[in-house]
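Okay, so here's the structure we're looking at.
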Amino acid sequence: MKKTLKRIISIVFFEKVFFHFFFLNILKRNLKNTYKILELGAGRYSYLKQIDNSLEITAIDLFEPSIQYAKENKIYDYYIKGNVNKLTDYIPPKSFDAVVAFDLIEHLSKEDGLRLINNMIIVAKQQIIIYTPNGFLPQPSFNNNPFQEHISGWTYDEMKNMGFKVFGINGYKRLRKMYAEPVIKPNLIGNFISNISTIFLKLFHKEDLSFAILCIKDI
């Protein structure tokens, strides 16, 4: 009963609506005619499988427990244990339709991040996609994974200047903090206010003030 009530409240407060409309739909529109995808970092779930379960996704990650968890939960189709900083050592040029990095580039130094973007372009045929906080967001390592610490920040304007189409995600940046937790409590109200602010940022062309950015570059 509690789970059902929570689900109803979540829908009423537009959480799933905003997630699908302002994130998944953008991904879906930009991944048309895309089938074979390389994801940098093995996450605990797949945004891409929520778009189209028929996509063939290969994940590359250096942290063995992350790969093992993903395998046990059948999150991806194929796996490569390797360092994303040396992407072209593992992957030949133009091997995948798209290369994506969700919540990853901020864990690299600025120098390594710029090198990664160039290597993603080499490996991809059609586009590269990066999802990251807008600017530097401090975060320590967790879950015994030393690679979870945030080392660099990437801004809306910076990514635009590198030729990316940039979309503001998760509302006004001051309304969220570490792990995208809402500043305003309770969380249900905080998430609602943050999500509503997304509409105003888009209406007034102020997406550069968003908490996170989804960056898409066609090759």
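Every number here is computed from the coordinates shown, using simple stated rules; none is lab data. What you are looking at is a predicted structure, and each value in this text was computed from that prediction instead of being measured. Ideal geometry is used to build each Cβ from the backbone, glycine not excepted, and the neighbour counts take in all protein chains shown.
Here's the picture: charge each Lys and Arg Cβ at +1 and each Asp and Glu Cβ at -1 in the chain, and of PHE200, ASN161, GLN148 the one pushed furthest to the positive end of that dipole is PHE200.
If Lys and Arg each add +1 and Asp and Glu each add -1, what is the summed charge of the other residues whose beta carbon sits under 11 Å from the beta carbon of ASN85? Within the 11 Å Cβ shell, the charges total -1. Choose one of TYR76, ASN170, PRO186: the residue whose Cα lies farthest towards the positive end of the charge dipole of the range 2-218 (beta-carbon charges +1 Lys, Arg; -1 Asp, Glu; about the Cα centre). Looking along the dipole axis, the top candidate is PRO186.
Computed from backbone phi with θ = phi - 60° and the Karplus coefficients 6.51, -1.76 and 1.60, the 3J(HN,Hα) list for the range 29-38 is 4, 8, 10, 5, 6, 10, 10, 9, 10, 9 Hz; x is used for glycine and proline.
Each listed q (0.10, 0.20, 0.22 Å⁻¹) maps to a log10 I(q)/I(0) for the range 58-154, found by the Debye formula over equal Cα scatterers with no solvent: -0.27, -1.10, -1.29.
For the range 45-83, run through the chymotrypsin sites (Phe, Trp or Tyr not before Pro) and keep only the ones in DSSP coil with at most 11 other Cβ atoms within 10 Å of their Cβ. Intermediate values should be presented prior to the final figure.
On the way: sites: TYR45, TYR47, PHE63, TYR69, TYR76, TYR78, TYR79; in loops: TYR45, PHE63, TYR76.
Counting only loop positions with at most 11 other Cβ atoms within 10 Å, the chymotrypsin sites (Phe, Trp or Tyr not before Pro) in the range 45-83 are TYR45.
Across all C-alpha atoms in the range 2-218, the radius of gyration and Dmax reach 17.1, 50 Å.
Model label sites at LEU24 and ILE121, defined 7 Å from Cα along the beta-carbon direction, differ in position by 3.2 nm. A straight Cα-to-Cα reach below 16 Å connects LYS32 with the aspartates and glutamates ASP52, GLU56, ASP97, ASP218, residues fewer than 8 places away in its own chain not being considered.
Within the set of other residues whose C-beta is less than 15 Å from the C-beta of LYS32, count the net charge using Lys and Arg as +1 and Asp and Glu as -1.
+2
For the pair ASP77 and ARG174 in one chain, pulling the backbone fully straight at 0.36 nm per residue adds 31.2 nm over the alpha carbon distance. Residues MET162, MET120, MET178 in ascending order of nearby Cβ atoms (within 10 Å, fewest first): MET178, MET162, MET120.
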